[in-house]
Structures are given as structure tokens and as C-alpha cells.
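J.: Please read through the structure below; I'll follow up with questions.
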Amino acid sequence: MTDPLDRLRAADPARTHTDPDPRGSQALALLERVLDTPAEPLPKRNRRRLMAAVTGTAVAAAVAGFFVATPAAAYTVDKRPDGSVHFSFRAERLKDTAKLNKELARAGARTVVMRMVAADRCTEALDMDPAFPFLTTATPEDLERAPVAYRVADGDVIITVRPEKIPAVDTLSFGYATRTDRDGRTTIVVPAVVRTLPSCMAIPERLPR
């Protein structure tokens, strides 16, 4: 579409090198006449190109909206006012634990999350603190003194750590793994208070409770 000002200049028979007064009566009358003249329609090719550009923008906006709505991380970390650290992660999505562990260190959780591997890939024994053994049953007193509480809900692992209950020389090593069999996918979690941080954690044959 031609700019109205260009059309005004082209239609002015008395145009000189000196610009006319845009507020003069002659200029205003000429502008009104030019604006009343129907503008030439866009060529069909340009209209198709414009429609394609608009469509492409709409698709890009829809895709951007989709990705914005998608969670950027597979975990959350929240330090509570009472000093506890609440965090969660989606077991099958958490492939690299490095960023999560940095966030936990920043929150003072004294906890390291590790993806467990098959027993034949990790023969290292856990140097567990005897004061915090694996428990197949737990009394209310055991739960009260434990530095961690956790649960698994449909693949989401939800953990609360109480760092003040972890001995000064210890670390909470929180192992996890996913296993798929004919009954479906199972998320396995193993918290261990250790005196020496292991380089790996093996999926136990008998899972602690």
C-alpha cells in the first residue's frame, strides 16, 4: 500500500524543492482528496505471502506457548523456615543429578541424590552410620529421630530432610532407580546415612522399608 504522504507529494502539481506548509489550506484540501481516493489492493501474491507470514507467526506462538507450559526441570527444592529442606523429583526424568545436588548443597541439605545401578555394576559397600541402619519396621521413635521422611507417588519422589539430625561427619545418600516389568514401572528409593560418600549405589536385592 502506498503511503498517503507519498501520494500527496506525487499528486501536487505545484511541488517545488521547497516543502509546502503542511498546515496550509491548499495542503489540507489536497490531503483530503488523496485520502478519499481508494488505495490499490495488494497483489494476490503479496496477500498470500502476508497470510503465510501471519500463519507462521501463529504457529510459532502456539509452539512457544507449549514449551513455556512444559516444566523446565525434573525437580524442585524448597528450604523451609524450620531449617528442613523439602525437595521432589520425577524419577524417570531425572537423568543427571548434578544440578539437583548443587541446589541441595546450596540449601544446606547435606544430601546427595544418586541414580542406583545394577548390583553387578557397583560392588562398593555402603559405609553406613550404625546409628541409622536400614529398618524393615520402624517405631514412632525411629521415625522421630530419622533425618529423612519420604514417599513415592506415581513416579514422583517427595522427600523432607532435616539436616540438623544428620551427624556432623555424615551425609544422606539418597538412591533411586526405576524398573519396568510385566506389572508396570516401579520406582525404587533407598536413603542411607553414610560416613563416606559412595561413588555408586547398587539396587538392593531386598528393599529396605
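Throughout, read-outs are computed from the coordinates displayed, never taken from laboratory work. Remember, it's a predicted structure, so these values are computed and weren't measured experimentally. Don't worry about glycine lacking a Cβ; one is built from the backbone with ideal geometry, like all the others, and counts go over all protein chains shown.
J.: Can you pull the one-decimal nm distance between simple spin-label points at ARG80 and GLU124, each 7 Å off the Cα toward Cβ?
T.: The two pseudo-label positions are separated by 3.1 nm.
J.: I've got another one for you. Taking 7 Å along the Cα-to-C-beta vector as the label spot, tell me the ALA131-GLU164 distance in nanometres, rounded to one decimal.
T.: The two pseudo-label positions are separated by 1.5 nm.
J.: For segment 72-153, just say rounded, prolate or oblate: build the C-alpha gyration tensor, square-root its eigenvalues into a ≥ b ≥ c, call rounded for a/c under 1.5, and beyond that prolate if a/b exceeds b/c, oblate if not.
T.: oblate
J.: Taking 7 Å along the Cα-to-C-beta vector as the label spot, tell me the LYS102-LEU197 distance in nanometres, rounded to one decimal.
T.: Each label point lies 7 Å from its Cα, and together they span 1.4 nm.
J.: Which of the three applies to segment 99-193, rounded, prolate or oblate, going by the alpha-carbon gyration tensor with a ≥ b ≥ c and a/c under 1.5 meaning rounded?
T.: rounded
J.: Using 0.36 nm per residue, how much length does the chain from ARG185 to GLU144 gain when fully extended, once their Cα-Cα distance is taken away?
T.: 11.7 nm
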